[in-house]
Amino acid sequence: MFKEFDMNIIWAIIFIAGGFYLRFQINKRQFNRRNMAGVEEFKSYGSAYTTQIIEKVGRYVGFFLIIIGIFLAISFFFRGSSGVHNTSNKVEQHR
């Protein structure tokens with residue numbers, strides 16, 4: 001149904017959407033932890049430390065997903081013919 005080059009753009013959309021969704025969810029969790037004064041509240045120092053490390057790693061993963069998706073999209077748009085169609089019009093001479 002889909003050709004090989006069509007899958008590149010589909011993966012690009014999936015990676016970009018996944019990266020933005022991951023970054024959105026991390027920012028949403030961070031926003032929901034804030035109190036009326038705008039300060040993040042944690043139950044303990046350990047939970048604050050681990051949550052911040054996990055969120056930092058998640059942000060980097062989201063960033064790299066977006067970058068990979070952009071590179072896949074660029075490779076889709078700038079790729080030439082993949083050799084599927086033979087456009088040479090050679091005529092063989094038979095004797």
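The values are calculated or read from the model by the stated rules, or taken from the named source; none is laboratory data. This one's a predicted model, so the numbers in the text were calculated from it and none came from an experiment. FYI the Cβ positions are ideal-geometry reconstructions off the backbone, even for glycines, and counts take in every protein chain you see.
Quick notes on this structure:
- Every listed requirement among (1) at pLDDT below 95; (2) in contact with a Lys or Arg (Cβ under 7 Å, 6 or more places away or on another chain) is met by ARG23 save one, (1).
- Some residue of segment 39-47 being without any contact (Cβ under 8 Å) to a residue 12 or more places away in the chain, hydrophobic (A, V, I, L, M, F, W, C), assigned to a helix (DSSP H, G or I) and more than 30 Å from ARG79 (Cβ to Cβ): no
- Failed item, numbered, when ARG59 is tested on (1) at pLDDT 95 or above; (2) more than 27 Å from the chain's Cα centre (by Cα): (2)
- Among the residues making up segment 50-66, those that are surrounded by 13 or more Cβ atoms within 10 Å (Cβ to Cβ) and closer than 16 Å to TYR21 by Cβ are GLU55, GLY58, ARG59, VAL61, GLY62, PHE63, LEU65, ILE66.
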